[in-house]
Amino acid sequence: MKAFQTLTVSTAVLGFNPEIFMAGFERSNSALVDVQTAGIRFRTDGGNPSASVGMVANAGDIIELKSYNEVQLFKVIRSGAADATLNVDFS
């Protein structure tokens, strides 16, 4: 399954839209996340990141999620004063 989502990451914790990565009877088993504009913090264990807790990714980084669980449990928040944009390619 191929799908695409754009997220604006701000001060509230976000995850991916299940209607996009679980379309119909198919589900996405991987994703490429292109971080644009500003830095973020993310987690793939289902816990909530904060501005100081979680894995760091900066503008220009690509995050590779390699399983359905990572896609489903991914959560993100911005790490600085500016919102970030994520372009996500699911497969």
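A short reminder: the numbers here are calculations on the coordinates, not readings from a lab. Owing to the predicted nature of the structure, the values given are computational and were not obtained by experimental measurement. Virtual Cβ from ideal backbone geometry, glycine too; neighbours counted across all protein chains shown.
Are there chymotrypsin sites (Phe, Trp or Tyr not before Pro) in the chain that DSSP marks as loop and that have at most 16 other Cβ atoms within 10 Å, and which are they? Before the final figure, lay out each step's value.
On the way: sites: Phe4, Phe16, Phe21, Phe25, Phe42, Tyr68, Phe74, Phe90; in loops: Phe16, Phe25, Phe74.
For chymotrypsin sites (Phe, Trp or Tyr not before Pro) across the chain that sit outside H, G, I, E and B with at most 16 neighbouring Cβ atoms in 10 Å, the list reads Phe25.
Sort Ser28, Ser50 so that the residue with the fewest other Cβ atoms within 10 Å of its own Cβ comes first and the one with the most comes last. Intermediate results must be reported in sequence, preceding the final value.
Numbers: Ser28 23, Ser50 13.
By the 10 Å Cβ count, ascending, the order reads Ser50, Ser28.
Only one of the values (i) 16.3; (ii) 14.1; (iii) 12.8 was calculated from this structure for Kirkwood radius over Cα pairs in Å; name its label.
After the calculation, the listed value that fits is (iii).
Calculated from DSSP H runs of 4 or more alone, at -39500 (n - 2.57) each and per residue, what is the 222 nm mean residue ellipticity of the chain, nearest 500? Display every interim value, and only then the final one.
On the way: 2 runs with 10 residues, N = 91.
That comes out to -2000 deg cm²/dmol.
Which whole-number percent is the relative contact order of segment 3-90 (Cα, under 8 Å, 6+ apart)? Could the numbers behind the result be given before it?
Values: 226 pairs, mean separation 40.7, N = 88.
Relative contact order for segment 3-90 comes out at 46 percent.
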